[in-house]
Amino acid sequence: MFITHVNNAVAYNLPYGIYYYAHAATIDEAIDEANWVDMQIKTYLNGQNPPLGIWYDAEDKSMLKYNINVAYMIGNFINRLNELNYNYVGLYSSYNWLTNIIDLNLLADYVPIRTAQYYHENSFKLEYPNRICKIWQYTNCKQINNICLDCNIYYE
């Protein structure tokens, strides 16, 4: 489905991004995940940077297995893909993880953030004005033509 969705986006001249649902509980595992993402992009996207970024989806409890702050896995995943010349790599997570689990002080200020928060406003953007909040996912089920869609706001 990934390939079909990307091909449809390209055919209709729509920008697209990708995300990787993380499970890494160690730095080495996070680097392995980044290398896997790189291989998939080289295989299926001809190595092209997705225009709306590559997002490391950090919200799975398996990442907490060794009691290492998740920010270390996030930072190493992002750094590895930056080393491989992907120019738009960021963190996707829930508001709860961003404010209670991930130590954002351990992440570089240049890391773009995509937050999932299903409320009337993007509290994360308001509470962390010095962070680059690029995308706000405000719902995971907006009905459009009987299809349930995630809906986001992209900030330029």
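The values are calculated or read from the model by the stated rules, or taken from the named source; none is laboratory data. Model, not experiment: these values are computed from the prediction. In this analysis, Cβ positions are derived from the backbone assuming ideal geometry, glycine residues included, and neighbour counts consider all displayed protein chains.
Close Cβ contacts (under 6 Å, 6 or more residues apart or on different chains) running from residues in segment 46-73 that are among the charged types (D, E, K, R) to residues that are part of a loop (DSSP other than H, G, I, E, B) comprise 57/22; 60/23; 65/25.
Taking segment 77-125 as the range and being within 15 Å of residue 155 (Cα to Cα) and basic (Lys, Arg) as the test, the residues that pass are 114, 125. Quick check on my filter: what residues within segment 105-138 are part of a helix (DSSP H, G or I) and buried (at least 19 other Cβ atoms within 10 Å of the Cβ)? Within segment 105-138, just 124 meets the criteria.
When you scan segment 46-59, do you find a residue that is more than 30 Å from residue 8 (Cβ to Cβ) and not in a helix (DSSP H, G or I), even just one? Step through it out loud before you land on a result.
Step one: list which residues in segment 46-59 are more than 30 Å from residue 8 (Cβ to Cβ), which gives none.
Taking every residue of segment 46-59 in turn, none turns out to be more than 30 Å from residue 8 (Cβ to Cβ) and not in a helix (DSSP H, G or I).
If the condition is being part of a helix (DSSP H, G or I) and surrounded by fewer than 19 Cβ atoms within 10 Å (Cβ to Cβ), then segment 72-96 contributes 72, 79, 82, 83, 95, 96.
The residue of segment 1-18 that is nearest to the chain's Cα centre (by Cα), among those that are loosely packed, with under 12 Cβ neighbours inside 10 Å and β-branched (Val, Ile, Thr), is 3.
For segment 33-71, name all the residues that are buried (at least 17 other Cβ atoms within 10 Å of the Cβ), over 13 Å from residue 18 (Cβ atoms) and not charged (D, E, K, R). If the condition is that a residue be buried (at least 17 other Cβ atoms within 10 Å of the Cβ), over 13 Å from residue 18 (Cβ atoms) and not charged (D, E, K, R), then 58, 63, 70, 71 are the ones that fit. Scanning segment 75-93 for residues that are at pLDDT 95 or above and within 19 Å of residue 137 (Cα to Cα) yields 89, 90, 91, 92, 93.
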